[in-house]
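K.L.:
Take a look at this one; I'll ask things after.
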Amino acid sequence: MEVEGREIQITHPDKLLFPDPPLKKREIVDYFLEIGPLLLPHLQERPLTLWPFPEGIESPGYIIKQAPKYLPSWIRTWSHYSEGRGDLISWVIAGDLPSLIFLVNLGCLDFHPWLSRIDLPDNPDFVVFDLDPEPDASFKDLIKVALLIKELLARWDLEVFPKTSGGRGLHLFLPIERIYSFEITRKFVQTISQLLDSKFPNLIATEWKKEERQGKVRIDFAQNSQGRTMASVYSIRPRPGAPVSCPLNWEELEKVNSPEDFNPRVVLKRVKTSGDLFLPTIEKKQKVDTALKELEVIA
């Protein structure tokens, strides 16, 4: 097919990528063609970790960090030294629709961008609260914790935006000015987690020991690190039912029973009426100086 002047071959368009409900590759491509204009602003200038499932979700996928040599020359890459790996990684940057569709044809269902952009890789655009339910914790427990975080941040006039993870978790994005380091944002989330844990010890866990987390919600503050990624908004997760990482408003979040209800068809229908509920995470920039100073006193 031709996508914005680029010829892209869609291989095996009738291959079944999701068995139940059945979704073929051509249907996944169609989803990303339609959702692309809303998704792409959230991927702009961000290195991507890719996780293709070329044979469908019932077969093993594989992780791509180093850009493959078979990528066409028009797909952008960005080289950056990885302290963890001890070498230079050439990351993929999917900044336009042809690049996105080329990657979808490889079997990429979800896209995992950095929290920072390539011009300021050490300064994130967001503070992220990654809420993970431990065994026996419910999605309703996640909602309780999310509302506690929202209420606390409102104390400093800070606005945070929720989305489903596409799995059992929940992501809260606090858009910030790019003047803070990952060390500061990570400490910010860790301090808030510890503060809430001290007040609600039966609901929230900050301990990493598995036995200490049973039935609780863990706030993974370590996600606020350079190079750490999570599924982008509008990504299709490689799970039964093809759940999508879907942005929500706070009023409807309290009524959600199962995040798996947000499949590609549901999401496309939603955006036609509500638009991109996650757009404020790009447009809105906030300072957290007051919160940082007060939390230092609380801590």
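The values are calculated or read from the model by the stated rules, or taken from the named source; none is laboratory data. Please read all numbers here as calculations on a predicted model, not as lab measurements. Note that each Cβ is placed from the backbone with ideal geometry, even for glycine, and that neighbours are counted across all protein chains shown.
K.L.:
Checking the condition aliphatic (A, V, I, L, M) and either under 23 Å from Pro124 (Cβ atoms) or modelled with pLDDT of 95 or more (or both), which residue from Leu196, Leu203 passes?
P.N.:
Leu196
K.L.:
Could I ask something else about it? Among the residues of region 60-119, write down those that are acidic (Asp, Glu), under 15 Å from Arg46 (Cβ atoms) and not in a loop (DSSP other than H, G, I, E, B).
P.N.:
Selection gives Asp110 alone.
K.L.:
Here's a check for you: in region 161-193, which residue that is among the small types (Gly, Ala, Ser) and at pLDDT 90 or above is nearest to Arg237 (Cα to Cα)?
P.N.:
Ranking the qualifying residues of region 161-193, first place goes to Gly166.
K.L.:
How do the helices (runs of 4 or more DSSP H) wholly within region 138-218 filter down when requiring 1 or more residues that are surrounded by fewer than 16 Cβ atoms within 10 Å (Cβ to Cβ), in contact with a Pro (Cβ under 8 Å, 6 or more places away or on another chain) and on the phi < 0 side of the Ramachandran plot: which remain?
P.N.:
So the answer is none; nothing clears 1.
K.L.:
I'd like the full set of residues that are at pLDDT below 95 and either out of contact with any Gly (no Cβ under 8 Å at 6 or more places or on another chain) or over 12 Å from Glu58 (Cβ atoms) (or both), limited to region 6-21.
P.N.:
Pro21, the sole residue that qualifies.
K.L.:
So which of Phe188, Phe139, Phe111 is touching a Ser or Thr at 6+ places or on another chain (Cβ under 9 Å), assigned by TED's automatic domain parsing to the domain that holds Ala205 and not polar (S, T, N, Q)?
P.N.:
Phe139
K.L.:
Yes or no: Phe126 at pLDDT 95 or above, closer than 26 Å to Pro259 by Cα and of a type in the set (A, V, I, L, M, F, W, C)?
P.N.:
Criteria met by Phe126.
Per-residue answers, yes or no, for (1) of a type in the set (A, V, I, L, M); (2) in contact with a strand residue (DSSP E or B) (Cβ under 7 Å, 6 or more places away or on another chain); (3) assigned by TED's automatic domain parsing to the domain that holds Lys269:
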{"site": "Glu2", "(1), (2), (3)": "no, no, no"}
{"site": "Pro21", "(1), (2), (3)": "no, no, yes"}
{"site": "Leu48", "(1), (2), (3)": "yes, yes, yes"}
{"site": "Phe53", "(1), (2), (3)": "no, yes, yes"}
{"site": "Ser73", "(1), (2), (3)": "no, no, yes"}
{"site": "Trp78", "(1), (2), (3)": "no, yes, yes"}
{"site": "Glu83", "(1), (2), (3)": "no, no, yes"}
{"site": "Ala94", "(1), (2), (3)": "yes, yes, yes"}
{"site": "Leu115", "(1), (2), (3)": "yes, yes, yes"}
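For every residue, the table says whether it meets (1) in contact (Cβ under 8 Å) with a residue 60 or more places away in the chain; (2) under 20 Å from Arg237 (Cα atoms); (3) touching a helix residue (DSSP H, G or I) at 6+ places or on another chain (Cβ under 9 Å); (4) polar (S, T, N, Q).
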| position | (1), (2), (3), (4) |
| --- | --- |
| Phe18 | yes, yes, yes, no |
| Leu23 | yes, yes, yes, no |
| Glu45 | yes, no, no, no |
| Ile57 | yes, yes, no, no |
| Lys69 | no, no, no, no |
| Trp91 | no, no, no, no |
| Val104 | yes, yes, yes, no |
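K.L.:
From the residues in region 71-89 that are among the hydroxyl-bearing types (Ser, Thr, Tyr) and without any contact (Cβ under 8 Å) to a residue 12 or more places away in the chain, which one is nearest to Pro113 (Cα to Cα)?
P.N.:
Once the filter is applied, the top-ranked residue is Tyr81.
K.L.:
For Lys272, which of the numbered conditions (1) exposed (fewer than 15 other Cβ atoms within 10 Å of the Cβ); (2) of a type outside the set (A, V, I, L, M); (3) assigned by TED's automatic domain parsing to the domain that holds Leu172 fails to hold?
P.N.:
Of everything listed in (1) exposed (fewer than 15 other Cβ atoms within 10 Å of the Cβ); (2) of a type outside the set (A, V, I, L, M); (3) assigned by TED's automatic domain parsing to the domain that holds Leu172, Lys272 misses just condition (3).
K.L.:
Looking only at region 90-127, filter to residues that are hydrophobic (A, V, I, L, M, F, W, C) and more than 30 Å from Asp14 (Cα to Cα); which one of those is surrounded by the most Cβ atoms within 10 Å (Cβ to Cβ)?
P.N.:
So, considering only residues that are hydrophobic (A, V, I, L, M, F, W, C) and more than 30 Å from Asp14 (Cα to Cα), the one surrounded by the most Cβ atoms within 10 Å (Cβ to Cβ) is Val127.
K.L.:
Out of Arg85, Arg155, Arg168, report the one residue that is under 22 Å from Trp51 (Cα atoms) and over 19 Å from the mean Cα position of the chain (by Cα).
P.N.:
So the residue among Arg85, Arg155, Arg168 that is under 22 Å from Trp51 (Cα atoms) and over 19 Å from the mean Cα position of the chain (by Cα) is Arg85.
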